[in-house]
1. At a 10 Å Cβ-Cβ cut-off, how would you order MET80, MET49, fewest neighbours first?
2. Relative to a virtual label point 7 Å from the Cα of LEU79 in the Cα→beta-carbon direction, which members of the range 31-53 show backbone nitrogen distances below 20 Å?
3. Return the aspartates and glutamates within reach of LYS105: Cα separation strictly under 12 angstrom, same-chain partners fewer than 8 residues apart disregarded; answer none if there are no such residues.
4. Bin all alpha-carbon pair distances of the range 33-118 at 10 Å intervals from 0 and give each bin's fraction as a whole percent.
5. Under a crude label model (7 Å from the Cα following the beta-carbon direction), how far is HIS70 from ASP103 in nanometres?
6. When the Karplus curve 6.51 cos²θ - 1.76 cosθ + 1.60 is applied with θ = phi - 60°, which whole-Hz ³J(HN,Hα) does each residue of the range 54-66 get, with x for Gly and Pro?
7. Under 20 Å between alpha carbons, and skipping anything fewer than 8 positions from LYS61 in its own chain: which aspartates and glutamates qualify?
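Only the coordinates and a few stated rules stand behind these numbers; no lab work does. Just so it is clear, the model here is predicted, and its values are computed rather than measured. Cβ atoms come from the backbone with ideal geometry, glycine included; neighbour counts cover every protein chain shown.
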Amino acid sequence: MKFRFTKGRQGNINTFGKIIPLIIKDLKLEESFISERIRMSWVKIVGEMIATHSLPDRIFKKILFIYVDHSIYSNEIILMKDYIVTSINDEIGFEVINNIRIDIKKLVWNNMNKSNTLAF
């Protein structure tokens, strides 16, 4: 064990709540945590019907990429775009996204955790 006698002790205790945001920032995991938070609030943001047929995937350069399983739901999300962007930014607390892009992919309902997953 090596001791450092030249440095003085800071005298304060860091709590777990203060350390976690620093670790997340150091590991560059902010977008992953924000994406997961959006997925957790997705039903509240868009409603149960659209949430069943859509899945927020990732954020890249403040653009939220959403997968939907049919063009009808794509159109609904496009019509709700401003509301969705505002709701997500309010939920997170700062401007995370400013645009939405939609891709049509086949989504499969997963009964284990009651969420949508991608099928390729």
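1. With the fewest neighbours first, MET80, MET49 line up as MET49, MET80.
2. The answer is 43-53.
3. ASP57, ASP69
4. Percent of pairs per bin, in order: 18, 58, 23, 1.
5. Spacing of the two 7 Å Cα→Cβ label points: 2.2 nm.
6. 9, 8, x, 9, 8, 10, 9, 6, 6, 10, 8, 9, 10
7. ASP26, GLU30, GLU31, GLU36, ASP82, ASP90, GLU91, GLU95, ASP103
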